[in-house]
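Scroll down for the structure; my scribbles are underneath it.
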Amino acid sequence: MQFLIRAARVVDPASAFNGQVVDMLIGNGLIQQIGVNLETNATVQVIEADELHVSTGWVDMRVLAQDPGYEHKEDLTSVCQAAAAGGFTDIAVLPNTQPVVDAKGTLGYVRRMAEGQVVNVHVIAAVTKKAAGEDFTEMLDLHHAGAVAFSDGTHPLQNPDLLLKTLQYLQPVNGLLMNRPEEQLLTSFGQMHEGVQSTLLGLKGMPALAEELMVERDLRLLDYVLGVEHGAWSMESEAKSNLEPLSPNPHAPSSTPPVLHFSTISTARSVELIRQAKAQGMPVSCDVAAHQLVFDDSALAGFDTNLKVNPPFRSPADVAALWAGLADGTIDAIVSDHSPQDAESKNLEFDQAEFGVIGLETVFAAVMTHNQDLPLTQVIEKLTSRPRQILRLLPVHIAEGQPANLTLFDPTATWTYEHTLSKSKNSPFLGQRLTGRVIGTVHHGHFNKSV
């Protein structure tokens, strides 16, 4: 099947057509021709829209698919449909299912169920059996079976020895360890960010310190591994030197692939710690959930359980620091942190409700609606090239002869988020007027129009 994308502005710094308004002829899953005013015929479907933009396909690094085990909340088909509607052509799914993705059998099930879906599904396997933080999984076997990274997903790695040995274990295969930083002994029974708002609302707080301590701990452990393995520099020796640390390049990622990735950071101090580590050349990366860029802890005044997330919404100063981290390149990627919860898990008293929101369909719109002067090219970079580099996925570019893996969008269009393709409805954006609309995706030789 052939179709023509008419008059779309290219957003792909690696493409010779970046910034240009062009037509693209797609056929047999490839970009066959790029030009201006390309001729067509009645058999070719034409895709056009006001302010149409095109980039390489978007990648979401953090999705809880809930399949197997919790299919009443979400399954692999519904999560892929929601992802495509949100502009994603690739998603990386967490291992927190039932059973946990901690063995080749479960990993194989997810990969088989992902065949033929409208998006590519990449599997993040568990570091420990049942993601319980005790015994290691067979990580090398899981790596060779197709796992793109390792993480206990929604369960932070509390044991420092486990994290250290995982970093050492994954080094020979250039593996990626992803950890959500939270010292859970400091957040037990917590419901929201610890601060003035939690005091006013009478809810137990989750201190920013719980995240920041673990970021600092993990960086020190990575520094130790690098020093032991390579006899290299250490953070301590760097700190003692009189040399000013180099500033990270906000527009060019490090040539060293990250070996440690921090998922869903949320505090100003976490941003600063990772900024310093990158300036010292450490192979680290991090992401932020789109909703963390929109809400602060004052949003919980109405006790809306659709705003109960972990990490919690922080202070306005933390939100500003997250935007600054995106702008200077400290934060590499924007994720949905899609966490479907059924009505029975959310229609409860606030302190009884489950954490999590769905977000696949609103990542781009949330960022664009509340954008704090982050250029469109950087927004797209954090949804495309950087996630691909971090996950070691093959690069894609907009050029003739390349696979047609594309996302079409209008960054200025306004629309109302009225319904979702997810099985769960726990979104804080339902019913809201948003800016930035996905038109559809081009993937596997098909145009998948967003609803």
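Just a few scattered comments:
- ³J(HN,Hα), Karplus 6.51/-1.76/1.60, whole Hz, each residue of the range 91-102, x for Gly, Pro: 9, 10, 9, 6, x, 7, 10, 9, x, 5, 6, 10
- Computed from Cα atoms, the angle from the helix 104-114 axis to the main principal axis of the chain rounds to 30 degrees.
- Applying a threshold of 27 Å to the alpha-carbon distances of Lys204/Lys423; Lys423/Lys449; Lys104/Lys165; Lys104/Lys308; Lys308/Lys382; Lys73/Lys129 flags Lys204/Lys423; Lys104/Lys308 as lying beyond it.
- Taking all protein chains together and a 1.4 Å probe, the residues Tyr224, Tyr70 rank Tyr224, Tyr70 from largest to smallest accessible area.
- Span per principal axis, largest first, for the Cα atoms of the range 1-96 (Å): 50, 31, 25
- Rounded to the nearest 10 Å², the accessible area of Glu381 at probe 1.4 Å: 30
- Rg and Dmax over the alpha-carbon atoms of the range 343-451 stand at 16.5, 55 Å.
- C-alpha center-to-center spacing [the range 4-33, the range 412-451] in angstrom: 22
- Share of pairwise Cα separations in the range 125-195, more than 20 Å, in percent: 30
- Charge dipole (Cα centre; +1 on Lys/Arg Cβ, -1 on Asp/Glu Cβ; no other charges) of the range 300-438 amounts to roughly 240 debye.
- Computed over the chain, the per-residue total of -39500 (n - 2.57) for DSSP H runs of n ≥ 4 gives a 222 nm mean residue ellipticity of -7500 deg cm²/dmol, rounded to 500.
- Normalised alpha carbon radius of gyration of the range 412-451 [divisor 2.2 N^0.38 Å]: 1.35
- Test item: Cα-centred dipole of the chain, Lys/Arg +1 and Asp/Glu -1 on Cβ, debye: 480
- Cα-based helix-to-principal-axis angle, 208-230 vs the chain, degrees rounded to 10: 90
- Accessible surface, per residue, of the chain when the full set of protein chains is kept, probe 1.4 Å, Å²: 40
- A 1.4 Å probe over all protein chains sorts Met24, Met1 by accessible area into Met1, Met24, starting with the largest.
- Toward the positive end of the charge dipole of the range 310-411, with +1 on the Cβ of Lys and Arg and -1 on the Cβ of Asp and Glu, the farthest Cα among Leu406, Val363, Ala353 is that of Leu406.
- Relative contact order of the chain, pairs being alpha-carbon contacts under 8 Å that are 6 or more residues apart, as %: 20
- Computed 3J(HN,Hα) for the range 269-279, one whole-Hz value per residue from the Karplus formula 6.51 cos²θ - 1.76 cosθ + 1.60 where θ = phi - 60°, is 5, 4, 4, 5, 4, 6, 4, 5, 4, 5, 4, glycine and proline marked x.
- Carbon + sulfur, % of accessible area of the chain - ligands and nucleic acids excluded, 1.4 Å: 51
- Remark: the range 347-358, residue by residue, has Karplus-estimated 3J(HN,Hα) of 7, 9, 4, 3, 6, 9, 6, 6, 6, x, 9, 8 Hz, where x stands for each Gly or Pro and the curve is 6.51 cos²θ - 1.76 cosθ + 1.60 at θ = phi - 60°.
The values are calculated or read from the model by the stated rules, or taken from the named source; none is laboratory data. Keep in mind the model is a prediction, meaning the values are calculated, not measured. No Cβ is skipped: glycine too gets one built from the backbone with ideal geometry, and neighbour counts run over all protein chains shown. The accessibility values were calculated without ligands, DNA or RNA, using every heavy atom of the protein model including side chains. Shrake-Rupley method; radii C 1.70, N 1.55, O 1.52, S 1.80 Å.
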